Amino acid sequence: MCAPDAAKKCTALLSSPKPFHIPSVVNNMAIPKSGFLAEFELYVMLSIARLGSEAYGAAIRREIEGRTNRPVSIGAVYATLGRLGDKNLLTSHTSDPLPVRGGRSRRFYNLTPEGEHALRHSAAMLNRMMDGLDLQAKTG
Amino acid sequence: MEQVPILFRLILRLVTDPRDLPYLLSDLEEDYFAKLEADGRHTARKWYRRQVAGSILPCLSRRLKSWRKSGHVTNPGPPKHNGMSIMDGLLQDLRFAARTLIKQPGFTIVAIITLALGIGANTAIFSLVNGVFLKGVAGIDDPTGLVEITRDVGGRVFDMSYPIISDVREGNEVLEDMAAFTPIPVAIGGEGEPTVKMSLSVTGNYFSVLRLRPALGRFFAPDESFFPNVPSASVISHRMWEERFNSSPDVLGKTIVVNGYPTAVIGVAPPGFGAHVVGLQVGVYLPIGIPIPGLRSAEELQGPENGILEVVGRLRPGVSVTPARAALTALADGALNARTGSAFGTYVMRVEKWGPVPSAARTAITVFFAVLMTVVALVLSMACVNVANMILSRTAERRAEIAVRLAMGASRRRLVRQLLTESLLLFTVAGAAGVLLSVWASNLLLAFEPPLPAGIDVELDLGLDWRVLLFSLTVSVVTAVAFSLAPALRATRSDLVSTLKDESRSGGPVKTRLRSVMVGSQMAATVTLLIVAGLFLRTLSSLESLDTGWDGDNVGVVTIDAELSGMDRERGREFFRELATRAKQITGVEAASLAAKLPLGGRSSFGNINVEGVEAPQGQNGFRAFLNRVTPGYFRTLNIRLLQGRDVSDDDTGGKQPVAVINRAMAQRFWPDADPIGKHFYTGQVSQGRDFEVIGVVENAKYGRLVEEIPNFYYVSADQWYPSAMSLHMRIAPGAERAVAAQIRQVVRQLDANLPVQPMQPMNDLLQVFFLPQRVAAWVAGVMGFVGLLLGAVGVYGVTAFAVGQRRREIGVRIALGADTSNVLSLMVRRGLVAPMIGMVAGLAVTVIATRLLTSLIPGVSPLDPLTFGSVIAILAAVAVLATLLPARKAVRLDPVEALRAG
């Protein structure tokens, strides 16, 4: 589910046709030393990309849970958000208190340019790894 | 307004990075309230708890990482409250504590070993309690509704008869259902050598009352198998399925041969389930009334007065035990009246909550475990006191460091927390070591395999589970706080100025009150522990040297149940006669005979007896008497002295006048002045019951228990009263045991190839089972007493040594001023001995009261046994004097100049 205003960005990110060269990965300092995004990190980043301006903790958790159909704990989401923040792949800002019961403020997340790059990179790597594989036939 | 689960929120607070915490909590609440509206309170709370559980690990690992990265200050120093949460402080404390402990490996290792012993002993005994009482029985669903139902006759528990059970089952409205069962050993054959296993005869609804699910196949249908409508089918236990059928799924429909009777296997019981009694292993479950020889026959089942079945029931929801009992009593009484015309009077039922241990044995086992738990708890408290002492000494050495910190502005609370964290770490590590130790100790406990009769197989699951782990964690944490709070508070109470100036140089008195209390209490615990251990050891030795009246040395025993191969009375009689004859012919066998009961193997009775001309005691219909059924030569085999008359002989057969050999006590009670030979006694009323002619008198012996009043006891001819199971007793020439054991096996095989034979066992080994509780208790208390003695000695030594160390200057001054060394020595010893002696007296006072509770476990030994008390006091006094003397001697040997300089 992409928020309408984010839909374009979301599609653009995931279908980026930019060719990829191994040396560029090595030289690109924006990609953390560990290189790849872990699976759950990837899910969190993708959810943020999908949710656009509505990406806060509970929404991200629901998004992943809804799409992967497996239980996701809020603690795992926050721990991952923190880690991604440390890697400079995310920024966050705090909203004004909500006009609802309890009226707390929320913390919203955005991908940084480095984050967008890392996401694109991981998606491309995944695509390349899958290229030519017919998993349907293999597993079926 | 509905609240989120507070406890779980607190957990989140502890583990979450404080920067994320408010957002995380509000996010969680958002989803929680949505769930609450959509799915209700139960689901929402469950969801919340799952969320928290799933969050703990990621949050903690994230915090650990960021905490490591940020690099923290090793010195706790002044508290920083800005932004530092409880968790940060705790992690910091933990790290600091770990480093402090590692820096002093000697202290740490000794403390951990001491504590691990204490915690390990407690965990081992607790896992025993856990295995017997708490784990329950595998496979039973919703055990809280189950009840044990028995008949109560004058406060004693009796089993019930089948007709009454079926009447009560049909008529009652308090029970959902009730099932009857009875355990009987059977021979299971088919392929290979027959083996003896326990069988459980059950009504068809046994499994459904317990709410068990079959591992394979099906159970008896509750409606199809109630006597007399009985299928020829059997259910086997999971263990039997594994052992005999290699867990093969083809077992269904196969035939197993039980006591020579083939039955088809229709199902397999769930894994881990033997019976609804903890630990009892069962091989096969058979429907009650199945016509297998050796099991309850149709004839036995039809008698309304035959108490041969036990009952387990399930209460209807909302019904409690007391009204159920009243309702069942009324029904059973009515049923008995209707069937017999009220021959037996009121039929009182006893209904008790079901537990893994049958209610009849519950009290005895509880007392036994309570004694063991007390013993190990004492050891743990002593270990803790020792460690507390060590901590106290250590914090005394760290006074300067602590004072500096206080001076720099650290709050007392912060320092106490730091010191407590150190102890907590120490005790928790020791707890973990203790759990490992307990696993080893539990295996040792399991190795205490008592020689049980054939077919009875008890196996307890002593494995670790969450209860055991929680127990040892709780013990570790509670003792850590209890025993280190006082030292921590004391250490941080220091008067800043004097400590910084180094008080020890000022020669002021060092307060050792706390230590004295510790040493005193330790001494008290040691006294109790050693006396309990001593009493058990005395019991054991007095039991073993007890004159039993028979001689079990060099006697081998083989027990044989003729019904296990389906022999009837006539064939059985023939078989036993032949067996005795052939046994006597084996070389190495000096005497052999058969008897229905082993001495001490339980007592049997035909009921009260009466003698012409002797009035029965007030309110009773005769005299209590017990009997054994024996073949000729029994007294010679067991060296029981024949005082008068003759032994039973081969001529005392079924058709002739029943004869009996009586014990001396019985002869003196009934015929004190006359010759008892040729006199008669009757079971039941005179000239109504069975009539026995006395043919001989033998010396008294121990029959039922090692400590008992000598009862009236008589021996009758096994030929006149046939028992289907008998034990062959053989007096064997020393050295011939093995050959005889092999040959007797051969003989039995030749006589009947289908009969399962247990290996021959020395009679004295068989009797060991009667010492089992005392043996285990003496062993545990003895080992623990020894550990306690060591700990006590170390404790007294440590405290005196420390006191001496603190007073080195004073001693130096005294000696420099010309004090006699012997004066100083006696001064130190006298001061050192005050606390242990007070402790010892207090301990004795407690012990005198406590040992009274042991009376039932220490037959034949007075709870105030002077030998035990005397030797324990002597040993402890010697230990205390030695433990004070050694450091004191060291003190007077000091060179005064050096002592003064070193301060």
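The values are calculated or read from the model by the stated rules, or taken from the named source; none is laboratory data. Keep in mind the model is a prediction, meaning the values are calculated, not measured. Cβ: placed from backbone, ideal geometry, glycine included. Neighbour counts: every protein chain shown. All accessible areas refer to the heavy atoms of the entire protein, side chains included, with ligands and DNA or RNA removed. Shrake-Rupley method; radii C 1.70, N 1.55, O 1.52, S 1.80 Å.
Only one of B:ARG99, B:ARG169 is open to solvent by 20 Å² or more (accessible area, probe 1.4 Å) and either in a strand (DSSP E or B) or within 30 Å of B:LEU301 (Cβ to Cβ) (or both); which? Result: B:ARG169 is the single residue among B:ARG99, B:ARG169 that is open to solvent by 20 Å² or more (accessible area, probe 1.4 Å) and either in a strand (DSSP E or B) or within 30 Å of B:LEU301 (Cβ to Cβ) (or both).
Looking across segment B:297-329, the residues that are modelled with pLDDT of 85 or more and part of a helix (DSSP H, G or I) come down to B:VAL321, B:THR322, B:PRO323, B:ALA324, B:ARG325, B:ALA326, B:ALA327, B:LEU328, B:THR329. Every test in (1) within 30 Å of B:LYS353 (Cα to Cα); (2) open to solvent by less than 50 Å² (accessible area, probe 1.4 Å) is passed by B:PRO194 save one, and that test is (1).
Screening segment B:61-96 for residues that are open to solvent by less than 50 Å² (accessible area, probe 1.4 Å) and facing chain A (nearest Cβ under 10 Å) and picking the one that is modelled with the highest pLDDT gives B:ARG62. Restricting to segment B:152-166, name every residue that is surrounded by fewer than 21 Cβ atoms within 10 Å (Cβ to Cβ) and modelled with pLDDT of 85 or more. Result: B:PRO163, B:SER166. Restricting attention to segment B:826-860, the residues that are closer than 30 Å to B:ILE811 by Cβ and among the charged types (D, E, K, R) add up to 2.
Yes or no, residue by residue, for (1) without any contact (Cβ under 8 Å) to a residue 12 or more places away in the chain; (2) touching a His at 6+ places or on another chain (Cβ under 8 Å); (3) among the hydrophobic types (A, V, I, L, M, F, W, C):
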residue	(1), (2), (3)
B:VAL841	yes, no, yes
B:THR847	no, no, no
B:LEU853	no, no, yes
B:PRO859	no, no, no
B:PRO866	yes, no, no
B:LEU876	no, no, yes
B:ALA883	no, no, yes
B:PRO887	no, no, no
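The residues on offer are A:THR11, A:THR91, and the sole one that is under 13 Å from A:PHE108 (Cα atoms) and either modelled with pLDDT under 50 or more than 12 Å from chain B (Cβ to nearest Cβ) (or both) is A:THR91. Has segment B:368-387 got any residue that is out of contact with any Leu (no Cβ under 7 Å at 6 or more places or on another chain) and surrounded by fewer than 15 Cβ atoms within 10 Å (Cβ to Cβ)? Taking every residue of segment B:368-387 in turn, at least one turns out to be out of contact with any Leu (no Cβ under 7 Å at 6 or more places or on another chain) and surrounded by fewer than 15 Cβ atoms within 10 Å (Cβ to Cβ). From the list B:SER826, B:SER862, B:SER871, B:SER822, the lone residue that is in a loop (DSSP other than H, G, I, E, B) and modelled with pLDDT of 80 or more is B:SER862. Of all residues assigned to segment B:349-361, at least one qualifies as being loosely packed, with under 14 Cβ neighbours inside 10 Å, at pLDDT below 80, out of contact with any strand residue (DSSP E or B) (no Cβ under 8 Å at 6 or more places or on another chain) and in a helix (DSSP H, G or I). When B:ALA264 is tested against (1) touching a residue at least 40 places away in the same chain (Cβ under 8 Å); (2) part of a strand (DSSP E or B), just one condition goes unmet, and that condition is (1). For B:VAL129, the requirement of being open to solvent by 10 Å² or more (accessible area, probe 1.4 Å), at pLDDT 85 or above and either part of a helix (DSSP H, G or I) or within 20 Å of B:VAL321 (Cα to Cα) (or both) is met. When we screen B:VAL694, B:VAL648, B:VAL661 for residues that are buried (at least 19 other Cβ atoms within 10 Å of the Cβ), in contact with a Ser or Thr (Cβ under 6 Å, 6 or more places away or on another chain) and closer than 30 Å to B:LEU728 by Cβ, the only hit is B:VAL648. Of all residues in segment B:1-54, those that are open to solvent by 30 Å² or more (accessible area, probe 1.4 Å) and either facing another protein chain (nearest Cβ under 9 Å) or part of a helix (DSSP H, G or I) (or both) total 31. The set of residues in segment B:737-764 being over 13 Å from B:VAL558 (Cβ atoms) and either surrounded by fewer than 16 Cβ atoms within 10 Å (Cβ to Cβ) or out of contact with any Ser or Thr (no Cβ under 7 Å at 6 or more places or on another chain) (or both) consists of B:ARG738, B:ALA739, B:GLN750, B:ALA753, B:ASN754, B:ASN764. Can you confirm whether A:SER73 is surrounded by fewer than 22 Cβ atoms within 10 Å (Cβ to Cβ), within 12 Å of chain B (Cβ to nearest Cβ) and over 24 Å from B:VAL15 (Cα atoms)? For A:SER73, the condition - surrounded by fewer than 22 Cβ atoms within 10 Å (Cβ to Cβ), within 12 Å of chain B (Cβ to nearest Cβ) and over 24 Å from B:VAL15 (Cα atoms) - is not met.
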